[in-house]
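Student: Dropping the structure in here first, questions after.
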Amino acid sequence: MRTLAQPVPAKTSNRPQAYLPREHGATAMLLTPVFSVAILARTWRWSELAVLTAAFAAISAKDPAVLLVRQRFVWKQRNPGSSAAASWLFGWSVILIASVLILLATWPLKAFLALGAGIAAFGCVTILVHLKNRQRSILFQMASAAALTSTSLATCISAIGTIAPWCWWFWALIAMQASAGILVVHARLDARIALRKAAPASQPFRHAALGALASLLCASVTAIIFKRAGIALALAFALVGYAYDLIRQKDSASLQMPLTTVGQQALILSTPYSALLIAGLW
């Protein structure tokens, strides 16, 4: 059994690992708000491209950064993949720094410092959490949903120079949906593990997912009360989709579904959700 004190064995392939985003759901949470807010802002500025490149570079740099930090503080010996990781980290860092400099030149300084400090702090927390192997923490997963979808705020600043009131609502609603999606997927992972071990599934993520669905329901009812039919429909759509997934997790055949298919289905759900939010906030 591999311990954290041992480096990961070298891959059998001679091809260096390409450090591109592997978590399609997280990538969608990061990038979908960029395009959604660009539509809602009803204007276009070239600095919005810098938000896109900065976001993609940041999420891509995570894995090589984690490997190098683990090599330094946990394994304390050279990992076979460290050279490739260092090269990819350098490349993504160059893109990130260039994007950040563009944003510094085009954003109000106060907004740049506030959002930049928050993102930098979360980046440090992410490295620490992975270093401690606590990335499945429910609190961290929910914080990740809020951090990833905060690209909506960054895009709004690039588009109109400030965070409009509607953008705060968009961020809250898209983060709520993202949190529910993350928790449902982790509940599925726990159920898959339990199926392989012929043991009862761990329940914390399932309970948290049910709580997230209750929040979606309350938000949908509130939207109906305030006569925001588009937003209510978006929330109800997400609620039904995730509830159906939780029901399917009781079926052993459904649990055999490849994780790539699970990710694709999550993307299929999140895309119309974003479209409905755009219609509701238009």
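The values are calculated or read from the model by the stated rules, or taken from the named source; none is laboratory data. This structure is a prediction, so every number in the text was calculated from the model and none was measured. When we count neighbours, we look across all protein chains shown, and the Cβ atoms used for this are built from the backbone with ideal geometry, even at glycine. When the accessible area is computed, the model is the full protein with side chains, heavy atoms only, and any ligands, DNA or RNA have been set aside. Shrake-Rupley method; radii C 1.70, N 1.55, O 1.52, S 1.80 Å.
Student: For R70, indicate whether it is over 20 Å from N133 (Cβ atoms), charged (D, E, K, R) and open to solvent by 40 Å² or more (accessible area, probe 1.4 Å). Please lay out each step first, then the result.
Tutor: Numbers: over 20 Å from N133 (Cβ atoms): no; charged (D, E, K, R): yes; open to solvent by 40 Å² or more (accessible area, probe 1.4 Å): yes.
Answer is no for this residue.
Student: Quick test for you: out of W75, W46, pick the one residue that is at pLDDT below 95, more than 20 Å from A172 (Cα to Cα), among the aromatic types (F, W, Y) and open to solvent by 40 Å² or more (accessible area, probe 1.4 Å). Before the answer, list the steps.
Tutor: Working: W75 fails: open to solvent by 40 Å² or more (accessible area, probe 1.4 Å).
Checking each option against the conditions leaves just W46.
Student: Pairs under 6 Å by beta carbon, first residue closer than 13 Å to A180 by Cα and in a helix (DSSP H, G or I) in segment 190-210, partner open to solvent by less than 70 Å² (accessible area, probe 1.4 Å) and among the charged types (D, E, K, R), six or more apart or different chains?
Tutor: F205/D190
Student: From the list A187, A172, exactly one residue is touching a Leu at 6+ places or on another chain (Cβ under 9 Å) and either free of Cβ contacts under 8 Å to residues at least 12 places away in the same chain or within 30 Å of M257 (Cα to Cα) (or both). Which is it? Spell out the reasoning first.
Tutor: Working: A172 fails: touching a Leu at 6+ places or on another chain (Cβ under 9 Å).
On inspection, the qualifying residue turns out to be A187.
Student: Only one of these is surrounded by 22 or more Cβ atoms within 10 Å (Cβ to Cβ) and assigned to a helix (DSSP H, G or I): A172, A146, A154. Name it.
Tutor: Working: A172 fails: surrounded by 22 or more Cβ atoms within 10 Å (Cβ to Cβ); A146 fails: surrounded by 22 or more Cβ atoms within 10 Å (Cβ to Cβ).
Checking each option against the conditions leaves just A154.
Student: Another one. Report, by residue number, each residue of segment 208-226 that is under 15 Å from K250 (Cβ atoms) and open to solvent by 50 Å² or more (accessible area, probe 1.4 Å). Write out each step before concluding.
Tutor: Filtering segment 208-226 for residues under 15 Å from K250 (Cβ atoms) gives 209-210.
Hit for segment 208-226 is L210, nothing else.
Residues checked against (1) assigned to a helix (DSSP H, G or I); (2) on the phi > 0 side of the Ramachandran plot; (3) touching a helix residue (DSSP H, G or I) at 6+ places or on another chain (Cβ under 7 Å); (4) of a type in the set (A, V, I, L, M, F, W, C):
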| site | (1), (2), (3), (4) |
| --- | --- |
| A214 | yes, no, no, yes |
| S220 | yes, no, yes, no |
| F237 | yes, no, yes, yes |
| Q265 | yes, no, no, no |
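Student: Could you list, in sequence order, the residues of segment 68-81 that are touching a residue at least 40 places away in the same chain (Cβ under 8 Å) and either of a type in the set (A, V, I, L, M, F, W, C) or part of a helix (DSSP H, G or I) (or both)?
Tutor: Passing the criteria: V69, R70, Q71, F73, V74, W75.
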